[in-house]
Amino acid sequence: MNTSALAVSSDELQAPVASRSDVLVVGGGPAGTAAAVTAARTGASVTLIERYSSLGGLASGGMVLVLDDMINGQEITVTGIVSEYVERLQKLGLAVVPPKEDRRASEELWNKWNRYGTYDFHSKAHPKPIVYAAAFDPDGWKRVSNDLVRESGVRLFLHSWFARPIVDDGVIKGVITETKSGPQAHLADVVIDTTGDIDVASRAGADYIQGSYITTLVFRLGGIDTQRAEEFEQADPKAARALNRQAKRILGGAWEHWWLKTPLDGIIWCNAPHMSGFDGTDPASLTEADYSARERIAAVVDYVRESMPGFENAFVVDTAPQIGVRQTRLLQGEYVMTKDDVVQRRHFQDSVARGRDYYYPYRSLVPTNVDQLLVAGRHYSATSDAQKSSREIPPCMAMGQAVALASVLSLQQKVLVRDVDATDVQRLMREHNADPGDVPSENATIDELSELPSAEKEAIEA
């Protein structure tokens, strides 16, 4: 790819330098905040850039208000900084988590917890088992993010929109942002792309593909008598299913539950409407998605006020500041994860993060063609089908921690980030209370190729 129009070199730099640091993180969503805080905790100087007015990305700005996909049976598989978020949110009264004694399957527990979304959505059983998951408040997420960033000493720049990477002879040196004050340059020894769309990596020359999936404009409703709504559902499930089906038709699609409870009394969140055919990297397409979503939201509010017990006084509290984009550009890095890798629970020798029962090799976070650049988040190196089932917020945060520690190791050992030994990242992940997935679960498929020398691997693959 010719990146001459997308990147600038240090010699062409025509923007004032706003920061110089060891590690620069571009994108203040869950993965980016996790990366910045983790790197800063090691003693590295860290700059974090975010385009919006607050941290949190799709967790707060996109209002994806359930942390899930972090258990395998009774085993909690995603730990580290995501666990800190859950604990801090609980202390603020802004997260709801089923206690350990309730994490099992029964009709009584289903009735108690299912409307918080804290159940195993992969299970085919009914009732589905209740699991370790957290329903949280979006402004609480912003508050905890601010606290962690300040406490760790990260230098934060909000209201700063990434514009171009700075690349010298295939090595990234920083980025240029656009702000109300004009362009600003941020220089660093290692850059971490956590934009969700590999904005930095794609413009710096890394290989990628263009994927697509559903988009959503999440909204919250207030004035809901959730107790009455749940009592109706349990007393007359057939009628309740018919009403909920019609609500989902109006929205154009939703998950199993189109509405869920939140930690705030009388306020529910709706992870809908599901909309296909929109491009999350095209402003015109996103504008049309916004129009479409708001029309559907208004229609469903009118419907539930008239039809659903407990919803008579429903009103729109807010819609998410960010449209929920699930997939756009996907890195094609040193290893491209496949759907088979996820479904078969393939374990890699260089696994540095894990999700529910799948693993991320370090190579899937390392771009080709550009040095001193790493990625973390939903744009990691994968096929479109693989990413759709392995892109939840908790494992994205684990990726953020892993690449942060790899960045620090690169600087300490004076090697390129692509040459960092994954076993060193695994060791540091455990020191930071995170599970790197270095120990495969009993049902994992072992990736035998990852144990072979590179030349032998290439011969077998050919």
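Quick one: is Arg115 outside the structural domain of Asp318 (by TED's automatic domain parsing) and crowded, with 21+ Cβ neighbours inside 10 Å? When the stated conditions are applied, Arg115 does not pass them.
Assess whether Arg363 counts as being on the phi < 0 side of the Ramachandran plot, surrounded by fewer than 24 Cβ atoms within 10 Å (Cβ to Cβ), assigned by TED's automatic domain parsing to the domain that holds Val26 and assigned to a helix (DSSP H, G or I). So Arg363 fits the description; yes. Checked against (1) within 18 Å of the chain's Cα centre (by Cα); (2) basic (Lys, Arg); (3) closer than 20 Å to Ser21 by Cα, Arg391 meets all criteria but (3).
Filtering region 127-139 to residues that are touching a residue at least 60 places away in the same chain (Cβ under 8 Å), under 24 Å from Thr77 (Cα atoms) and either among the charged types (D, E, K, R) or in a helix (DSSP H, G or I) (or both) leaves Asp137, Pro138. Do you know which residues across region 140-174 are in a helix (DSSP H, G or I) and of a type outside the set (S, T, N, Q)? Hits for region 140-174 are Gly140, Trp141, Lys142, Arg143, Val144, Asp147, Leu148, Val149, Arg150, Glu151.
Of all residue pairs spaced 6 or more apart or on separate chains, those with beta-carbon atoms under 6 Å, a first member in region 99-114 that is within 17 Å of Arg228 (Cα to Cα) and a second member that is in a loop (DSSP other than H, G, I, E, B) are Trp110/Pro127; Trp113/Pro98.
For region 1-28, a residue qualifies if it is of a type in the set (S, T, N, Q) and part of a strand (DSSP E or B), and the qualifying residues are Ser19, Ser21.
Any residue at all in region 14-26 that's within 16 Å of Met397 (Cα to Cα) and assigned by TED's automatic domain parsing to the domain that holds Asp168? The answer is yes; a qualifying residue exists. State yes or no: is Ala31 on the phi < 0 side of the Ramachandran plot, assigned to a helix (DSSP H, G or I) and either of a type in the set (Phe, Trp, Tyr) or touching a strand residue (DSSP E or B) at 6+ places or on another chain (Cβ under 9 Å) (or both)? In short, yes. The residue pairs whose first member lies in region 419-433 and is assigned by TED's automatic domain parsing to the domain that holds Tyr359, whose second member is basic (Lys, Arg) and part of a helix (DSSP H, G or I), and whose beta carbons are closer than 8 Å, counting only pairs six or more residues apart or on different chains, are His432/Arg41.
Residues of region 177-198 that are crowded, with 24+ Cβ neighbours inside 10 Å and either more than 23 Å from Ala39 (Cα to Cα) or not polar (S, T, N, Q) (or both): His186, Ala188, Val190, Val191, Ile192, Asp193, Gly196, Ile198.
The values are calculated or read from the model by the stated rules, or taken from the named source; none is laboratory data. This one's a predicted model, so the numbers in the text were calculated from it and none came from an experiment. Virtual Cβ from ideal backbone geometry, glycine too; neighbours counted across all protein chains shown.
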